[in-house]
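Input: a single structure, listed below in structure tokens.
The values are calculated or read from the model by the stated rules, or taken from the named source; none is laboratory data. Just so we're clear, the structure is a prediction, and the values are computed from it rather than from any experiment. Heads up, the Cβs are rebuilt from the backbone with ideal geometry, glycines too, and the neighbour counts pull from every protein chain shown. To get the accessible areas, we keep the full protein, side chains included, count just its heavy atoms, and leave off ligands, DNA and RNA. Shrake-Rupley method; radii C 1.70, N 1.55, O 1.52, S 1.80 Å.
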Amino acid sequence: MAAEYRGPLLKKKHYKNCPGCKVEEMKELEQGLPIRPLLSIWIIVLCTGKDNLCCSGLGFESRIRIRDFHIAEREEDIGSYAGYVGSAFMLGRALTSVSWGIFADRYGRKPVIIMGTTSVVIFNTLFGLSVNFWMAVITRFLLGSLNGLLGPIKAYAVEIFRDEYQALGLSTVSTAWGIGLIIGPALGGFLAQPAEKYPNLFSRDSLFGRFPYFLPCLAISIFALAVTIATCWLPETLHKHNDNDQSSDDSYDALEAASNESNTKDITEKDEGRESTSKQSLLKNWPLMSSIIVYCVFSLHDMAYTEIFSLWAVSPRKYGGLSYSTEQVGEVLAVSGFSLLVFQMSLYPFVERLLGPVMVSRVGSILAIPLLQSYPWIAMLSGFTLTLVINCASVLKNVLSDQHQRGAANGIAMTGMSLFKAVGPAGGGA
């Protein structure tokens, strides 16, 4: 008799005009791996990641720009001014990220995504047309301030997939972001200063000759425009209804508990758990806060590396750099990006199953320490040995960074989802 009641005895209530409920209905009907949402999220995050490094973290490009702006009195000061350009983006993002999260919880994830990709189209183009230092700083700051989709896109990745694919969705965000941070500088390295690199295609009197860093920015802006148009067809996942009457869900829980002959006990324990969890402060939730702290530290570490590496690579050897050209830096980053993609699609699933995401994150963090300490010694090499070693070091560093970033991000997401399920949705919000 018990087998006859294994299925749900009462379906959860879905509201007709609620986009979040429509997504829930879609998830109940779909079967297999949701390829289309995975590709959508991957492309959106790739767009943001590529822009982030193509026009700001193009440290080598920013360095040459600062020299062209004639604002630095000494050559040693060029790196400092280039750092201001790079940090302007992150300062804007840090000041507005919480506000964009609140906006996404109130009005939906889709508007934030569309506004974020639209800001890439506008301010990335303006950055490529910057005529002085302050215009470059302001456009980067505005782009960081108006592009707050990284947090909401992670919430979107959780909400658009069924439970068994939520970890995959979050991994897609981390993977696309990491690939974007590699492809962006590589693209800039190949497309910057086109009138000098490709004189047969671009004249010095043309727009790309007068603005030598506009071409890589334009390429990213065109890609972002296509992504913006495509996001108009994304389904919204935010629940937009005031469901203060929880009788439907309570009836569902009661009937499910009755089928397991533990009706009263299960409901009482669940209600007590919800009440105690809802009264907890997030600051006292150590698993969640520890994941957030680790993620912040790793993010600071990775962004500092991506900004400093390019500046270090193009710096003169007398200052401890490699004296690389923009094209050589682009080649190194392109090799790193391709190797990271291959690793994520082939070896990483096996390593994660073998060690677990937490242990992978720990191992990646420990191995990154001696690797970074070796970079001053790498600068003493030359010729083919330097090319081989710097490519291997760059590949290994990006692989390790991806592992500890992914472990911390998954820790935040999984802890947050557990808290959400324990407390339950408040009102109709997601």
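Where helices (runs of 4 or more DSSP H) sit wholly within the stretch 125-213, those with at least 1 residues that are in contact (Cβ under 8 Å) with a residue 24 or more places away in the chain occupy 133-146, 150-160, 166-191, 194-197. The number of residues in the stretch 160-182 being open to solvent by 30 Å² or more (accessible area, probe 1.4 Å) and not hydrophobic (A, V, I, L, M, F, W, C) comes to 4. When each of Leu143, Leu170 is tested for being modelled with pLDDT of 80 or more and either in contact with a Gly (Cβ under 8 Å, 6 or more places away or on another chain) or under 24 Å from Leu38 (Cα atoms) (or both), the lone residue that passes is Leu143.
Out of all the residues in the stretch 236-243, is one or more more than 24 Å from the chain's Cα centre (by Cα), assigned to a loop (DSSP other than H, G, I, E, B) and over 21 Å from Val23 (Cβ atoms)? No, because not a single residue in the stretch 236-243 is more than 24 Å from the chain's Cα centre (by Cα), assigned to a loop (DSSP other than H, G, I, E, B) and over 21 Å from Val23 (Cβ atoms). Would you confirm whether any residue within the stretch 135-146 is of a type in the set (Val, Ile, Thr) and under 29 Å from Val342 (Cβ atoms)? Within the stretch 135-146, none of the residues are of a type in the set (Val, Ile, Thr) and under 29 Å from Val342 (Cβ atoms). Selection of the stretch 283-298 for residues being hydrophobic (A, V, I, L, M, F, W, C), without any contact (Cβ under 8 Å) to a residue 24 or more places away in the chain and over 21 Å from Ile366 (Cβ atoms) yields Leu283, Trp286, Met289. Of the helices (runs of 4 or more DSSP H) entirely within the stretch 317-393, those holding at least 3 residues that are free of Cβ contacts under 8 Å to residues at least 60 places away in the same chain and either open to solvent by less than 30 Å² (accessible area, probe 1.4 Å) or more than 28 Å from Cys296 (Cβ to Cβ) (or both) occupy 326-355, 357-373. Among the residues of the stretch 96-112, is any buried (at least 22 other Cβ atoms within 10 Å of the Cβ) and among the β-branched types (Val, Ile, Thr)? Within the stretch 96-112, one or more residues are buried (at least 22 other Cβ atoms within 10 Å of the Cβ) and among the β-branched types (Val, Ile, Thr).
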